[in-house]
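All remarks here apply to the structure that follows.
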Ligand SMILES: Nc1ncnc2c1ncn2[C@@H]1O[C@H](COP(=O)(O)OP(=O)(O)O)[C@@H](O)[C@H]1O
Ligand SMILES: [Mg+2]
């Protein structure tokens, strides 16, 4: 992230310690809703490591999405410091955040947000066209098992297939981190499994760090680490002794 | 207030930008209807009332001289209701204060109460038959030259200088539009009407107990053609010049042209705006309804009927229309007043006022409500047709296909982003085409407006800089021998003198006929030239005749054909002449011959009736004065000075005209593009937010959003040029008259301006939407399901 070093208001930020890609300190987020203040994050400290598969658990409204959005540069914290490698996200400007999203981070949402006017291949190409060192659209789609759906439009794909295209689109630029906000939330069980398998594959094969939000506790076995949130706080952070493979998961 | 009404006002508020833009188009439509059509109606009503109360004649005829006793015989022609006779002629007026020569049409008055085409007194009193050396002046001439009752005015009649007293100022229904002879545009400083007691006037012109003009009104049911034929037959021995009806009466003709133009524009322009209104309401409502599927489903589930929901969306569009109509009403009435004031500059009415008729207002409202209904129909039909359960479910993703470029095999050259833009345009071809058509009207309106100026400017320039190059044109009050040329040349300051002969004639071809003067001049003459519509100069042929295309069309003859010519003076011979050339000219109806040929055609003595003069630099004023004092000179005119007045008036008109045109055009362009972009933003907000998440910058996303509108605008411009050209052609054709024909001449600049203004409007409206796009909250868009 050389360019951002010079652009950042705080000047050259310290590199994070070896092995960390995200670090958040005393992070808080307050939404002003007319008269009332909604506190979404309270003094959160958080770290994400290279290549890690992290599962974020917590009740609805506990602040998971808010945390992920701040990490992804889609939202800014009210207070606190958040840093991606050498880029201080909490003070980065619009331009730096755009470049950050373009090169370093991939998103997967509950709703697939594919471009309906583009085929699967083209949806992925949309990203590869603006990236420095992407894989080809075909490679990315093969990774999620959609090599035979290349020229289908979103309207011609099932929900699970659409979500896999969204994953392929997110990983095609070879990001360092993939942020997934309830990617299986809108899918049935079997389809959800296929999608999770795709995420698992990406993490294992490419070494991409994955932060995965879910409210399905059964999925936590899939992660290297499980972070529990409640009322805007991180209440627990535990390492799984054994990271389960997809086939071992039962729910 | 019912919950639905509340919802309506909230929705209206939420979509206020779009509603305001639609209301603006409605307002413009109503404004143009009420002003243009309202002015038209006011003019027609006022004119008809004036014609009625003043006993405006139906038929006119000029002749050399007939005894007053003939009047009874005219009255006995079947179909004639009443007859009035006059003495009238052109003569010089000496005005100290102005540099150019002035002249007047002198008209006799017997009994101001019993005359046809009664005068309307503005100030002072009427002249009476026996008044000696008293005159009344036409209003504009009196005002422009500051004449008041009691002032003295010098006139030169048959070489006699006489001082006359001004006793009154009046207006006449026959002179609502006053143009100097041979001209087309008022010159209130240099030309006016002078009314004088019959006794004095006849004495000055040796016309005692005689008349040189007769006017008639017809009985209801009379056949005008038959009356004119009988009249012409009766007046043959007295040098009758051919009778004519209202369509050929100059003042009536100009007013009629103006009305026709007003009516055409006052119909076409509002129609365009109303079509745009219907289109906009259609696309806006369709979008609104598809975003409100869930709400509609819930309402239906609660037991609201289809009719309730249909009425809701209909009322929604009605509010925009009524707000627009209200604004349009006020602006339209104001503009109507302004336009009427502008008309008063050129046309004189006894009391002209802008009056908005109830029926026009009703009609305007009805048509705009109709446009709202047509516009709302599609969307409402969708809303009503939606079964509740279906409506609860989110809309399935839109279906797309590979675009035309990819089917053509050009796909590999296009980026994914470009494909997005093209497929969105292609997905709803009808919407894209109608949007382009809407924007193209914004270009076309500018073209048709500016074309009027281009065409008139071109016509004037050819006429006064290429065809008529004389500084002074003089007309004699009696035939003179050709050697008058030498006398004129002897006047100090005269550089060139070219006498001509003008002979009144009637052309016949089968049962078709047309009156026109034949101008005879020497082939060596260079001041006046025959030009075609393309600006080519045609040499005067040594034999045969050259006629205007207007006459050729009227007579259904072509070059090489022979026509019968009935000469309307002297021994009134009938002759056959070959048409050797047909020229497309712009003004009047002309016929030209070599002067020797013309003498032979008419028979009798060789004579000339006027001369064109070119003067040495700076001598114009002096020479004009000398010429106008000559006894044989009836009038001295300077075509170029009329042209200068015209140009000045025109540039003022141009300024006002362009102001309104830019307004009209921008209203269309902005409303179509703004609504198009807003709808795209609403339909594709999620898509654009996704792109931002994927790392596209704000600018890149904006480009993707506006590329569609941009492509539509670029397609619309050439379409607009073409539509503008076609409409201009239609207007030019509809305005072809005896007095002038506007050539279809559109300057290159006009095309550039039209495109430029539309582009600026397009960029402006994109900018409005861009601000909204920048404020878009990325996450909240992505969190919601479409
Ligand atoms: N844009 C927003 N405006 C106001 N409040 C918000 C907004 N986004 C989230 N919140 C509130 O912040 C809290 C945390 O929300 P979120 O991070 O979405 O929770 P989770 O993803 O764990 O369900 C909730 O109380 C939510 O209502
Ligand atoms: Mg959430």
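The values are calculated or read from the model by the stated rules, or taken from the named source; none is laboratory data. Keep in mind the model is a prediction, meaning the values are calculated, not measured. Counting neighbours? That spans all protein chains shown, and the Cβs are built from the backbone with ideal geometry, glycine included.
Residue pairs whose Cβ atoms lie under 8 Å apart, separated by 6 or more positions or on different chains, with the first residue in the range B:197-211 and at positive phi and in the same structural domain as residue B:114 (by TED's automatic domain parsing) and the second in a helix (DSSP H, G or I) and at pLDDT below 95, are B:209/B:202. Taken together, the criteria place residue B:405 among residues that are within 14 Å of another protein chain (Cβ to nearest Cβ), modelled with pLDDT under 75 and closer than 30 Å to residue A:162 by Cα. Of all residues in the range B:475-508, how many are in contact (Cβ under 8 Å) with a residue 40 or more places away in the chain and part of a loop (DSSP other than H, G, I, E, B)? Qualifying residue count, the range B:475-508: 5.
When the range A:173-193 is filtered for residues that are touching a residue at least 60 places away in the same chain (Cβ under 8 Å) and within 14 Å of chain B (Cβ to nearest Cβ), the ones remaining, listed by number, are A:173, A:175, A:176, A:177, A:178, A:179, A:180, A:181, A:182, A:183, A:185, A:186. Listed by position, the helices (runs of 4 or more DSSP H) contained in the range A:56-152 that have at least 3 residues being within 16 Å of ligand 1 (Cβ to nearest atom) and more than 9 Å from chain B (Cβ to nearest Cβ) are A:64-71. Taken together, the criteria place residue A:68 among residues that are surrounded by fewer than 23 Cβ atoms within 10 Å (Cβ to Cβ) and under 25 Å from residue A:127 (Cβ atoms). Out of all the residues in the range A:29-47, is one or more away from ligand 2 (no atom under 16 Å from the Cβ), assigned to a strand (DSSP E or B) and touching a helix residue (DSSP H, G or I) at 6+ places or on another chain (Cβ under 6 Å)? Checked against the condition, which is being away from ligand 2 (no atom under 16 Å from the Cβ), assigned to a strand (DSSP E or B) and touching a helix residue (DSSP H, G or I) at 6+ places or on another chain (Cβ under 6 Å), the range A:29-47 yields no hits at all.
Looking at this structure, is residue A:209 away from ligand 1 (no atom under 16 Å from the Cβ), over 20 Å from residue A:21 (Cα atoms) and in contact (Cβ under 8 Å) with a residue 24 or more places away in the chain? No; evaluated as a whole, the condition is false for this residue. Taking the numbered list (1) within 38 Å of the chain's Cα centre (by Cα); (2) buried (at least 22 other Cβ atoms within 10 Å of the Cβ); (3) not in a strand (DSSP E or B) in turn, residue B:611 passes all entries but (3). Would you be able to tell me the number of residues in the range A:172-188 that are within 12 Å of ligand 1 (Cβ to nearest atom) and surrounded by fewer than 23 Cβ atoms within 10 Å (Cβ to Cβ)? So the count comes out to 2. Say whether the condition of being crowded, with 21+ Cβ neighbours inside 10 Å and without any contact (Cβ under 8 Å) to a residue 24 or more places away in the chain is met by at least one residue in the range A:121-137. Yes. Being in a loop (DSSP other than H, G, I, E, B) and either exposed (fewer than 14 other Cβ atoms within 10 Å of the Cβ) or at pLDDT below 90 (or both): is that true of residue A:198 here? Criteria not met by residue A:198.
Assessment of the range B:121-137 against the conditions (under 30 Å from the mean Cα position of the chain (by Cα) and either in contact (Cβ under 8 Å) with a residue 60 or more places away in the chain or on the phi > 0 side of the Ramachandran plot (or both)) yields no matching residue. Applying the criterion of at least 1 residues that are crowded, with 16+ Cβ neighbours inside 10 Å and within 16 Å of ligand 1 (Cβ to nearest atom) to the helices (runs of 4 or more DSSP H) found wholly in the range B:686-786 leaves B:778-783.
For every residue, the table says whether it meets (1) assigned to a loop (DSSP other than H, G, I, E, B); (2) touching a residue at least 60 places away in the same chain (Cβ under 8 Å).
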site	(1), (2)
B:215	no, yes
B:222	yes, yes
B:225	no, no
B:228	no, yes
B:232	no, yes
B:235	no, yes
B:257	no, yes
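Of the residues in the range B:625-645, none is assigned to a helix (DSSP H, G or I), surrounded by fewer than 23 Cβ atoms within 10 Å (Cβ to Cβ) and within 14 Å of chain A (Cβ to nearest Cβ). Any residue at all in the range B:17-31 that's farther than 30 Å from residue B:359 by Cβ and either modelled with pLDDT under 95 or buried (at least 18 other Cβ atoms within 10 Å of the Cβ) (or both)? Taking every residue of the range B:17-31 in turn, at least one turns out to be farther than 30 Å from residue B:359 by Cβ and either modelled with pLDDT under 95 or buried (at least 18 other Cβ atoms within 10 Å of the Cβ) (or both). Candidates in the range B:539-587 are the residues that are modelled with pLDDT under 90 and over 21 Å from residue B:736 (Cβ atoms); of these, the one that is surrounded by the most Cβ atoms within 10 Å (Cβ to Cβ) is B:568. Taking the options A:106, A:58, A:63, name whichever one is within 15 Å of ligand 2 (Cβ to nearest atom), closer than 20 Å to residue A:219 by Cβ and in contact with a helix residue (DSSP H, G or I) (Cβ under 9 Å, 6 or more places away or on another chain). Answer to the selection: A:58. Of the set (1) under 30 Å from the mean Cα position of the chain (by Cα); (2) free of Cβ contacts under 8 Å to residues at least 40 places away in the same chain, all apply to residue B:458 but (2). Within the range A:234-251, the residues that satisfy the criterion of being surrounded by fewer than 17 Cβ atoms within 10 Å (Cβ to Cβ) and assigned to a strand (DSSP E or B) are A:235, A:236, A:237, A:238, A:239. One residue is enough: does the range B:286-297 have a residue meeting the conditions at pLDDT 85 or above and surrounded by 21 or more Cβ atoms within 10 Å (Cβ to Cβ)? Within the range B:286-297, none of the residues are at pLDDT 85 or above and surrounded by 21 or more Cβ atoms within 10 Å (Cβ to Cβ).
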